[in-house]
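Scroll down for the structure; my scribbles are underneath it.
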Amino acid sequence: AEISQPCCTAYQIALVDLLGHYGIKPNAVLGHSSGEIAAAYACGALTAREAISIAYYRGKVMAELDSVKAPGAMAAVGLGPEDVAPYLRPGVAVGCENSPSSTTLTGDRNALELVVQQIKNALPDILVRMLNVDRAYHSSKLKTPLPNS
């Protein structure tokens, strides 16, 4: 996270700048997760320096979270949120509705691995795989107290 998030943000900023160089300006922007940083840059709410700084510190905080005390995981599922709902169990939640046929699940690693296996058993032709992360992004597992000022 401490490397990938600033790198992805830098790439997105460069893409916005390149398109702008050719006169292509967005009428609207959106972003999800760390992509919200680049979306804020694209609409002029942040400077490039501010966007990279935010991405750096977001990645730094994620890297410093104790994954032993709060182990988590995520999985990609080729089902919409309504279709994945029957498989959810305590400790597993929908982290992102990517499209009508793509959902990201997030939560406790052990519970999520059971959900993934249940979906694989019930629907062997559906894409379902664990993501290569050790954090349950977009879940209550990442709620951290703010440092004392």
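Cβ-Cβ contacts under 8 Å between residues 6 or more apart (or on different chains), taken from a first residue in region 103-116 that is farther than 12 Å from residue 135 by Cβ to a second residue that is assigned to a helix (DSSP H, G or I) and open to solvent by less than 20 Å² (accessible area, probe 1.4 Å), are listed as 103/84; 105/84; 105/112; 105/115; 105/116.
Taken as a whole, the structure places residue 52 among residues that are of a type in the set (A, V, I, L, M, F, W, C) and closer than 27 Å to residue 11 by Cα.
Taking the conditions (1) closer than 17 Å to residue 32 by Cα; (2) surrounded by 14 or more Cβ atoms within 10 Å (Cβ to Cβ) in turn, residue 99 satisfies each one other than (2).
With the condition being without any contact (Cβ under 8 Å) to a residue 24 or more places away in the chain and open to solvent by 40 Å² or more (accessible area, probe 1.4 Å), I'd like the helices (runs of 4 or more DSSP H) fully within region 1-76 carrying at least 3 qualifying residues. Show your work before the answer.
Working: elements: 4-21, 35-42, 48-64.
In region 1-76, the matching helices (runs of 4 or more DSSP H) lie at 4-21, 48-64.
Can you tell me how many residues within region 124-141 are open to solvent by 60 Å² or more (accessible area, probe 1.4 Å) and modelled with pLDDT of 95 or more? Summing the residues that are open to solvent by 60 Å² or more (accessible area, probe 1.4 Å) and modelled with pLDDT of 95 or more in region 124-141 gives 4.
Every condition in (1) in a loop (DSSP other than H, G, I, E, B); (2) over 27 Å from residue 10 (Cα atoms) holds for residue 84 except the one numbered (1).
The values are calculated or read from the model by the stated rules, or taken from the named source; none is laboratory data. What you see is a predicted model, and the numbers here were worked out from it, not measured in a lab. Virtual Cβ from ideal backbone geometry, glycine too; neighbours counted across all protein chains shown. Accessible surface areas use protein heavy atoms only, side chains included; no ligands, DNA or RNA. Shrake-Rupley method; radii C 1.70, N 1.55, O 1.52, S 1.80 Å.
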